[in-house]
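Encoded as structure tokens, the structure appears first; notes follow it.
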Amino acid sequence: MGRHRQFDVDHVLDAALCVFWRKGYEGTSYTDLTEAAGVERPALYAAFGNKEALFRQALKRYSERYLDFIPEALALPTAREVAAHILRHTVDLNTRFPDHQGCLGVTGALAVSDEGEPVRQALIEFRADGEALLRQRFERAREEGDLPPTANPEALAAFLMAVTHGMSVQAKAGFDRAKLLAVAEQALAAWPAEREQQGA
């Protein structure tokens, strides 16, 4: 006779998310996950499958819960406002939690064993999807005249992603909020002039 699940799946997923965020995919053991979640390993398997499946679900939860500032940014009226919103909220996210700094989507699996390679590829695709949204938004900005005709939307999207990824790594390495905000402002200083500033 089957037993009913005796734990809150959402609580377990949140606990696993925090562990993956702090330790990365490779650095997280099943012991870490079961201790954080307060459940036994068989129950974890039954609810989520293997460690890779649990990480993928945690990444989805992370995107929904912590990256909501990205769709907010994409809806802003100018490309510079988009970039500023993303940069400043990235700083906030990377430094908000002292026990898990940085971005799970960046530092979760920068380097892995052969066994962890599918997770590294999943994170590459995760970041590529974000970059594609930015490129499309900047293409629209150029078409609307918000960006100059010489602007390269693909390069701008890659530039913004490179800065945010770098800030995540540096946050993990100990950079504080003030230093990361200075990096964000420096990146904005290099942003192409808006239409009304052209020919000034």
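General observations
- Test: residue in the stretch 60-79 that is over 24 Å from LYS179 (Cβ atoms) and modelled with pLDDT under 90: no
- Entry remark, the stretch 102-142: residues being touching a Pro at 6+ places or on another chain (Cβ under 9 Å), open to solvent by 30 Å² or more (accessible area, probe 1.4 Å) and not aliphatic (A, V, I, L, M) number 5 in total.
- Some residue of the stretch 139-148 being among the basic types (Lys, Arg) and at pLDDT 95 or above: yes
- Taking first residues from the stretch 171-190 that are of a type in the set (D, E, K, R) and partners that are open to solvent by 60 Å² or more (accessible area, probe 1.4 Å), the Cβ contacts under 6 Å between residues at least 6 apart in sequence or on separate chains come to LYS172/GLN101.
- When residues of the stretch 100-144 are limited to those that are of a type in the set (Asp, Glu) and touching a helix residue (DSSP H, G or I) at 6+ places or on another chain (Cβ under 6 Å), the one nearest to ASP176 (Cα to Cα): GLU131
- Some residue of the stretch 67-82 being out of contact with any helix residue (DSSP H, G or I) (no Cβ under 6 Å at 6 or more places or on another chain) and closer than 21 Å to TYR25 by Cα: yes
- Residue that is on the phi < 0 side of the Ramachandran plot and either free of Cβ contacts under 8 Å to residues at least 40 places away in the same chain or more than 13 Å from the chain's Cα centre (by Cα) (or both), where the choices are VAL12, VAL91: VAL12
The values are calculated or read from the model by the stated rules, or taken from the named source; none is laboratory data. Since the model is a prediction, treat every value here as computed from it, not as a measurement. Here Cβ is always computed from backbone atoms with ideal geometry, including for glycine, and neighbour counts include all displayed protein chains. For accessibility, only protein heavy atoms count, side chains too; no ligands or nucleic acids. Shrake-Rupley method; radii C 1.70, N 1.55, O 1.52, S 1.80 Å.
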